[in-house]
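Below is one structure; the comments refer to it alone.
The values are calculated or read from the model by the stated rules, or taken from the named source; none is laboratory data. Note that the coordinates shown come from a computational prediction; the quantities given were computed from them, not determined experimentally. Positions of Cβ are generated from backbone atoms using ideal geometry, with glycine treated the same way; all protein chains shown enter the neighbour counts. The area values use the complete protein model at the heavy-atom level, side chains included, leaving out ligands, DNA and RNA. Shrake-Rupley method; radii C 1.70, N 1.55, O 1.52, S 1.80 Å.
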Amino acid sequence: MFERLGPFISRNRWPTLIFSGAFLLVSIALLLRGGLLTTGHIRGLEAETAQAKVTEVLGHPLATTFVVIFQSDTLDPDGDAFERAMNDALAPLQRDPRVLSVVTPANAPPFLLQSLTNSDARAALAMITLRGEERDALAAYPSIRAELQSPTLHVTATGQLPFVSDLDRTLEKDLVRAELLSMPLALIVLLFVFRSVVAAALPVGVGGLAVVGAIGIVMALAHTMDLAQYTVNVCSLIGLGVAIDYSLFTVSRYREELAAGASFDDALNRAVSTAGRAVAFSGAAVATGLSGLLFFEGSYLSAMGIGGAIVAALAAIFALTFLPALLSVLGPRIDAWKLPRKAVAPGTGRWHALALRVMKQPLLFLLPTLAVLVFMGTPFLHLRMSRADVRVLTQEVEARRGFELLKRDFPALARTRHVVAVEFPSSALSAEHVGALYDLSRRIAKLPGVVEVQSLVDNPNQPNMSRAAWQALITQPPPLFAKQIAEAEALTARGNLALLYVLTDGTPDSEPARTLVRTIRADRHAGDGSLVVTGETAMDVDTTDYVLARAPRAVAFVIVVTMLMLFMLLGSVVLPVKAVVMNLLSIAGSFGALVWVFQDGHLFVREPRPIEPSLPVLLFCAVFGLSMDYEVLMLTRMKESFARSGDNTAAVADGLERSAALITSAAAIMVSVFSAFALANVILVQAMGFGMALAVAVDATLVRVLLVPSTMRLFGSLNWWAPAPLLKLRRALGFGEAQRHG
């Protein structure tokens, strides 16, 4: 197949380029007309089920309500001037049909009134609720926020909607900045490698084409799927790296064949038939790794896996079609604007000498390298995980700034809030069920860490009211209290559902908060009703459990499929197993460093926090495939040499010499691209960029340069062994030894 692909592309170079250009235009159109991206959801979690019950009680999703903090340098929030300024700022929202309600100190229910003002801080709050589902409210929020202006008061918005909106904007800025940084850095590395401006520009062009195409497809899918904003960052992060790498492999082999005396057409055909095979298998390996995310069905991780697999596939496709077509058109102009370069004779390079030195004393290099990787990985043993919240943003971003103001000036409202939804077989307001709610409230109030329980049967001004008194008050309210009870019911009960709000002082990701959620869930009975729990901590617990439950299957799938692919490529059962073990070691080292930096708070991290649950899975699936790029390139070169000489030691030295410089260059490109993302303002993207950059750096240095030669020497000719029946099956499938590898 690959032997025929080069001549086919060469004959049809102009149609290939025209088709690629048309694809780019369509991708741009899809990007501009794409759907709305979200923070992503995981379907089927208990916390999400409970949120649906909360929506049923309140009449709107809890997340569509956000808080606006009004502050003054001089005015008292209880004074008329402050109230007028606040009402003037909110007036446009009162008239906006997208706004469901505006609650201020002037119209708040009595039980909320005191919590909405702080005279010492000269601040007051308004609670804004938007119409529609969370997705609709998120789309409307930026323009509604723009209406909130005051020449007199400082206005700051926070809450779920502001957080998601600000997160999306920050991710977009991070993406633009990362691409503006990574492209020039990659170009500089390529210029250093190729010593030709034209040759260096080609991989960057392929990378841009693959990334724009993938993002365009992702944005089109957003019309019908729930896709997280992170998906675009993943496409850009992975797409730039692999597309440039694949192009680097192809162009390097093309120029190597030219240097050996081949004609332009022959060099192109050989490059596609040799490096093209490595590119195709590498692309399949990356796509396979990211396909492991499909095991997280019903979640944003699955969508991210689709996006990552698409960009990996496009990178390989364009490196095998668009790039050869460009090379065919350019011909001798591939070396235009050439820089001076020192030639190195085969068998005399430093990589050849290093390989021989490592293989001369393999254990001397193997054991210390293994020790370093194990030591790097040890912090991963105390990994803690938590979902992203407003604290992943820097304090310059409004939603985070508002959260800090809320925590400082309105600590009661900033407390961690667990929402318990109780479903009864009949009306929640019957005497029997009011009594059950009373019992449940008092049971929860006694749990460690609980500061307060807010519900229909709780009143801080009447802490000693009996169960019977509450039953009588709710079922037969005196006229004097009827309005107050009706207001409380509107926030806590509807039909056969009732809500209890459990407040704690710990952060949502703290272990006491998690323990509280599990303790409440341990006894789900409330009379003849049953309860479910939601809130930030409940989402944390459920998300972490969801990821941990599916991770083993995803990891097993990626490992098994990758091993099968490597067997088909190499015809060995030893090398695939060894490659997987090497990958796991490099990934373990990068995971440990990730925990040490971001969770434990070392180096440049000012605000350490638990790792986002999706990050280890996403990193594993991405890095496992990316590491196979180098494994495939190096091992195919070694196998090619072994097929010629039959000498394992010489094959390893020759393969390392011919691929190590290329791998180092490719790794330098990957590291520069990923490091640009490590400068992001969102911790999740920052951690992912850092983790991938470190994993690639470790893989290209410690693993490929030291571990691979030492283990290849220790295994000797066994490296290339496979049982005869498997080799027969491999040949029957068209992957026999008659094919040439490269």
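Side notes on the structure shown:
- Residues that are open to solvent by 30 Å² or more (accessible area, probe 1.4 Å) and either closer than 30 Å to Asp540 by Cα or out of contact with any Leu (no Cβ under 6 Å at 6 or more places or on another chain) (or both) are absent from region 628-638.
- Answer residue from region 363-386, given it is in a loop (DSSP other than H, G, I, E, B) and either open to solvent by 70 Å² or more (accessible area, probe 1.4 Å) or of a type in the set (S, T, N, Q) (or both) and is nearest to Val705 (Cα to Cα) among those: Arg384
- Across region 237-252, not a single residue is classified as at pLDDT 85 or above, open to solvent by 10 Å² or more (accessible area, probe 1.4 Å) and assigned to a helix (DSSP H, G or I).
- The one condition in (1) at pLDDT 85 or above; (2) touching a Lys or Arg at 6+ places or on another chain (Cβ under 8 Å); (3) open to solvent by less than 20 Å² (accessible area, probe 1.4 Å) that Val358 fails to fulfil: (1)
- Complete set of residues in region 642-666 that are of a type in the set (Lys, Arg) and either touching a Phe, Trp or Tyr at 6+ places or on another chain (Cβ under 9 Å) or touching a residue at least 24 places away in the same chain (Cβ under 8 Å) (or both): Arg658
- Which numbered condition Ala468 fails, given (1) open to solvent by less than 60 Å² (accessible area, probe 1.4 Å); (2) of a type in the set (A, V, I, L, M); (3) part of a helix (DSSP H, G or I); (4) at pLDDT 90 or above: (1)
- Ala399 vs. criteria in contact with a helix residue (DSSP H, G or I) (Cβ under 6 Å, 6 or more places away or on another chain), assigned to a helix (DSSP H, G or I) and surrounded by 20 or more Cβ atoms within 10 Å (Cβ to Cβ): yes
- Filtered by the rule that a residue be modelled with pLDDT under 80 and among the polar types (S, T, N, Q), region 614-642 gives Ser627, Thr636.
- Residue within region 176-183 that is at pLDDT below 80, open to solvent by less than 60 Å² (accessible area, probe 1.4 Å) and either in a loop (DSSP other than H, G, I, E, B) or of a type outside the set (Gly, Ala, Ser) (or both) present: yes
- Across region 687-709, a minimum of one residue is classified as farther than 25 Å from Phe620 by Cβ and either open to solvent by less than 10 Å² (accessible area, probe 1.4 Å) or more than 16 Å from the chain's Cα centre (by Cα) (or both).
- Any chance Ile128 is among the hydrophobic types (A, V, I, L, M, F, W, C) and assigned to a helix (DSSP H, G or I): no
- Tally, over region 212-231, of residues that are open to solvent by less than 10 Å² (accessible area, probe 1.4 Å) and not in a strand (DSSP E or B): 7
- Residues in region 710-736 that are open to solvent by less than 10 Å² (accessible area, probe 1.4 Å) and under 22 Å from Ala667 (Cα atoms): Ser710, Met712.
- Residue list for region 93-118, restricted to those being out of contact with any Pro (no Cβ under 6 Å at 6 or more places or on another chain) and hydroxyl-bearing (Ser, Thr, Tyr): Ser101, Thr104, Ser115
- Across region 138-159, the qualifying residues are those that are part of a helix (DSSP H, G or I) and surrounded by 22 or more Cβ atoms within 10 Å (Cβ to Cβ), and the one among them that is nearest to the chain's Cα centre (by Cα) is Leu138.
- Boolean, Leu268 is modelled with pLDDT of 80 or more, touching a helix residue (DSSP H, G or I) at 6+ places or on another chain (Cβ under 7 Å), under 30 Å from Phe735 (Cβ atoms) and open to solvent by 10 Å² or more (accessible area, probe 1.4 Å): no
- Taking region 449-500 as the range and being among the polar types (S, T, N, Q) and either closer than 21 Å to Leu58 by Cα or touching a Leu at 6+ places or on another chain (Cβ under 8 Å) (or both) as the test, the residues that pass are Gln454, Ser455, Asn459, Thr475, Gln484, Thr492, Asn496.
- Selection status of Ser328, touching a Leu at 6+ places or on another chain (Cβ under 7 Å) and open to solvent by 10 Å² or more (accessible area, probe 1.4 Å): yes
- Residue check: Leu290 meets all listed conditions (1) within 27 Å of the chain's Cα centre (by Cα); (2) outside any helix (DSSP H, G or I) but one, namely (2).
- Within region 485-532, the set of residues being of a type in the set (A, V, I, L, M), loosely packed, with under 13 Cβ neighbours inside 10 Å and within 36 Å of the chain's Cα centre (by Cα) comprises just one member, Ala522.
- Per the conditions (1) surrounded by fewer than 15 Cβ atoms within 10 Å (Cβ to Cβ); (2) at pLDDT 90 or above; (3) within 25 Å of Ser115 (Cβ to Cβ), the sole criterion not satisfied by Ala482 is (2).
- Test: residue in region 562-582 that is surrounded by fewer than 24 Cβ atoms within 10 Å (Cβ to Cβ), in contact with a helix residue (DSSP H, G or I) (Cβ under 6 Å, 6 or more places away or on another chain) and farther than 30 Å from Gly716 by Cβ: no
- Meets criteria (crowded, with 18+ Cβ neighbours inside 10 Å, of a type in the set (A, V, I, L, M) and either under 24 Å from the mean Cα position of the chain (by Cα) or assigned to a helix (DSSP H, G or I) (or both)) for Leu406: yes
- Residues in region 98-115 that are free of Cβ contacts under 8 Å to residues at least 24 places away in the same chain and out of contact with any helix residue (DSSP H, G or I) (no Cβ under 6 Å at 6 or more places or on another chain): Thr104, Ala106, Asn107, Leu112, Leu113, Gln114.
- Of the set (1) open to solvent by 20 Å² or more (accessible area, probe 1.4 Å); (2) under 30 Å from Gly44 (Cβ atoms); (3) in contact with a Lys or Arg (Cβ under 7 Å, 6 or more places away or on another chain), all apply to Gln599 but (1).
- If you go through region 448-464 and keep only what is farther than 18 Å from Arg415 by Cβ and open to solvent by less than 30 Å² (accessible area, probe 1.4 Å), you end up with Leu456, Val457.
- On inspection, Gly261 does not qualify as surrounded by fewer than 22 Cβ atoms within 10 Å (Cβ to Cβ) and at pLDDT below 80.
- Check on Arg131, at pLDDT 90 or above, open to solvent by 60 Å² or more (accessible area, probe 1.4 Å) and not acidic (Asp, Glu): yes
- Check on Pro477, in a loop (DSSP other than H, G, I, E, B) and out of contact with any helix residue (DSSP H, G or I) (no Cβ under 8 Å at 6 or more places or on another chain): no
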